[in-house]
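The structure appears below as C-alpha cells.
Values in this text are rule-based calculations from the coordinates and carry no lab data. Only a predicted model underlies this, so the values are computations on that prediction, with no experimental measurement involved. Methodologically, a virtual Cβ is constructed for each residue, glycine included, from the backbone with ideal geometry; neighbour enumeration extends over all protein chains shown.
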C-alpha cells in the first residue's frame, strides 16, 4: 500500500500499520493517552466495543464517523465525566501518562483539571467573561488577583479571543456572539493548563467565520497540548487532523495519519464515509 | 359560525373563567378592608389589649405571629433547602429516596390540626418544651417543610444540567458546582417556596392551638419558652369565644393578619425579582 503523505511525524504508528495489526489501531511509543481494549455499556446497550487507540501529545487527533459511533462517549470517559451517569459498565483501561485513570484512589477533580473539555454548544456559566475564564482556577484555590489576571489574558490569547474581548472582561459572557462564546469556553478549559484538551464538535453551532477562527486556534493549541476533537464534518476532520480515527457503531474501524485516512483509506467503510457515500 | 367568531367566544369564555378566580379574593379583601379599616390606628397596633380584649390593641398577637414565623424560618429553611439539595443533587433513585419523597408528599397532605396534636405530644409533652414559642415554631416548621422542600427541589432541577457538567469538567467537586452555580441560579425559586411555606405557617391556627398560643396574655414574650398570643388564634378567640366583641375589632384583626401576610408576599416578590434580574438564562 502506498502511503501518500511524506510529512508524517508518526513513525511508530506507520510501522504499526505496516505490520498490519489485526485490529486497526494507532499506536505510538509514548502516547499521552492510551485507550486499551475499551468497551462500554449504557443501560445494557453497548456503545464502545474493544477500542484501542493511542493519542499522541502535541498533535490533533480527530475522532470522526456517523452519529452514535461512540466518539462523544469515548471523550467523556477520558475525563471521567461519565462517572455522573448511572447504569453503565466499562471494561478495558484508559491510561494518562501510563497511569490508569480509573484506578482506585485517583483524584477525579485533579484528573479533570489535567483533561479539559469543550462541549458541542457554547455553555458559558452565569457571570462575566472574566469570571468564566477563572472559574476553574478559583475552584482549584487560586486567590491571587495578579495570577488570575495573568491566566485570563493567557487563556483568552490562546483561544484567539483576547483582542476581541479585552475591553469587555466584566460584561456578561452571554453578551458575546456564539462564536466568541465557544472560544470563551475553550479559554475556560485552557485556564487550568490541561495536558489534554477534548473538543466535542466545538464548531457545530457556529458560522463559517467563527469556525475558521476556532480551527486556527487549534494550530496554536497543538503546540502545547494533546488535542482530541470530534469534528462536525468530514471536511473539518480532513482540515485539522494529524491523526484520524474512524468510528462506526462503537468500533474503531480505521486509524492512521490524517492525510492518509482522508485520501487513501484502507478500509472500505472508511472510504465510503470519507467520499460521502453514507453518513 | 365562522372561525373568528368562535375564537372570540372562546377567549371571552376563558376570560370569564379566569375572572371567577379573581372575584373571591377581591371580595375577601374588600369586605375585610371596608369593615376593618375603622379599627386600625396606631393605638390598635401598638398597645396591649385590656377589658376582656374588647379594648386596647393587639400588639402581643402581632409580635407573637412575627416571632413564630421567624422561629419557623430558622428551623424549616435550612432543613428544607438542605433536604431539597440532597434530593435533587445527590440522591440516586433508590428505595430510600422514594420513601423520602413519599413521606414528603404525605406530609403535605396531613390536616393542620393533626400537626397541632403531634406538636403537643412531641414538643410540648415529650421534650418538655411546654406550650412555648419553641414548641409552636417546631410544629409550624414541620408543617412547612414539604412546601419548602418540593418547591426548592423543583427550582434546583430547573437549573440546566449542563452547568453541573461544565463545573465538573473544570475540576469542580459536586458541592463546588452546587455552591457556585446551581444554588445561586435556583435562589429565586427557592425564595418563592420558602415564602409560600412561611405565609401558610403565619396564618395557621390549628398547629399553634395546643403548642404555643395564649388565650389572653397582655405582655410580650421574653424567651423562646414563653407562651405568646398570635394573630390567627386571637382572631379565632375574639370571633367565637368572647361574647359581645365589637365587629370592627374582629375585622381590624383580620385586616392586620391579611396585611402582614400580603406585605411579606410583596417583599418576597421584590427579592425574587431582584435575583431573577441577575439570572442569565
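Solvent-free Debye calculation, one equal scatterer per alpha-carbon of region B:143-217: log10 I(q)/I(0) at 0.11, 0.15, 0.23 Å⁻¹ equals -0.42, -0.61, -0.96. For region B:20-60, the residues whose backbone nitrogen is under 14 Å from a point 7 Å from the Cα of residue B:247, taken along Cα to Cβ, are B:31-39. Counting only DSSP H runs of at least 4 residues, each contributing -39500 (n - 2.57), and dividing by the residue count of chain A, the helix-based mean residue ellipticity at 222 nm comes to -9500 deg cm²/dmol. Computed over the Cα atoms of region B:1-48, pair by distinct pair, the Kirkwood hydrodynamic radius stands at 14.1 angstrom. If a spin label sat at a point 7 angstrom from the Cα of residue A:45 along the line to its beta carbon, the backbone N atoms of region A:64-104 nearer than 14 Å would be those of A:67-71, A:73, A:88. Quick one: helix B:247-278 against the long Cα principal axis of chain B, what's the angle to the nearest 10°, folded into 0 to 90? Taking Cα atoms only, the helix is inclined about 20 degrees. Once Rh for region B:57-278 is found with the Kirkwood sum over Cα pairs, what is the Stokes-Einstein diffusion coefficient at 10 °C and 1.306 mPa s, in µm²/s? For these conditions, the coefficient is 85 µm²/s. Peptide B:162-168 has a mean of 6 when you count, residue by residue, the C-beta atoms of other protein chains within 10 Å of its C-beta. Legend: ranking of residues B:163, A:119, B:127 from fewest to most surrounding C-beta atoms inside 10 Å; resulting order B:127, B:163, A:119.
Given the options B:243, B:184, B:207, which has the most mean-square fluctuation in a GNM of chain B, springs set between C-alpha atoms less than 10 angstrom apart? The residue that fluctuates most here is B:243.
Calculated over chain A, the projected area of the Cα convex hull averaged across directions stands at 15.0 nm². Across chain B, C-alpha contacts under 8 Å between residues 6 or more apart give a mean separation that, scaled by the residue count, equals a relative contact order of 27 percent.
From largest to smallest, what semi-axes in whole angstrom does region B:85-153 give when each is the square root of 5 times an eigenvalue of its alpha carbon gyration tensor? Don't jump to the answer; show the numbers that get you there.
Values: eigenvalues 145, 27, 26 Å².
Taking √(5λ) for each eigenvalue gives 27, 12, 11 Å, largest first.
Taking the average, over residues, of other Cβ atoms within 10 Å as the packing measure, peptides B:100-109, A:168-177 rank A:168-177, B:100-109 from highest down.
Counting only other chains, and only Cβ atoms inside 10 Å, what mean value do you get across the residues of B:170-182?
Per-residue shielding by partner chains comes out at 5.
Using the rule -39500 (n - 2.57) for each DSSP H run of four or more residues, divided by the residues of chain B, the 222 nm mean residue ellipticity is -23000 deg cm²/dmol. Angle of helix A:145-158 to the longest C-alpha principal axis of chain A, folded into 0 to 90 degrees and rounded to 10: 40°.
Exposure proxy shown here: for B:114, B:237, B:212, the number of other Cβ atoms within 10 Å sets the order, fewest to most, as B:114, B:237, B:212.
Hey, how much of the P(r) for region B:146-281 falls beyond 28 Å, as a percent of Cα pairs? Don't skip to the end; give the middle numbers.
Working: 3738 of 9180 pairs.
Distances greater than 28 Å cover 41 percent of the Cα pairs.
Please work out the Cα convex hull volume for the protein assembly as shown and give it in Å³ per residue. Walk me through the intermediate numbers first.
Numbers: hull volume 133.4 nm³, N = 560.
Normalising the Cα hull of the protein assembly as shown by residue number yields 238 Å³.
Peptides B:258-269, A:227-238, B:128-139 ranked from most to least packed by the mean count of surrounding Cβ atoms within 10 Å: B:128-139, A:227-238, B:258-269.
Could you put B:42, B:175, A:41 in order, starting from the residue whose Cβ has the fewest other Cβ atoms within 10 Å? Don't skip to the answer; put the middle values down first.
Details: B:42 8, B:175 12, A:41 16.
Ascending number of Cβ neighbours within 10 Å: B:42, B:175, A:41.
With the simple spin-label model, which puts each label point 7 Å out from Cα in the Cβ direction, the residue B:5 to residue B:93 separation comes to 5.1 nm. Averaged over peptide A:135-145, the number of partner chain Cβ atoms lying within 10 Å of each residue's Cβ comes to 3. Provide the FRET efficiency to the nearest 0.05 for the residue B:262-residue A:268 pair, computing r from the beta carbons and using R0 = 56 Å. Using R0 = 56 Å, I get an efficiency of 0.15.
What ratio of Cα Rg to 2.2 N^0.38 Å holds for region B:216-281? Each step should come with its number before you reach the end.
Values: Rg = 17.8 Å, N = 66, 2.2 N^0.38 = 10.8 Å.
Relative to the 2.2 N^0.38 Å estimate, region B:216-281 comes out at 1.64.
Seen against the Cα atoms of chain B and their longest principal axis, helix B:231-240 is set at about 40 degrees.
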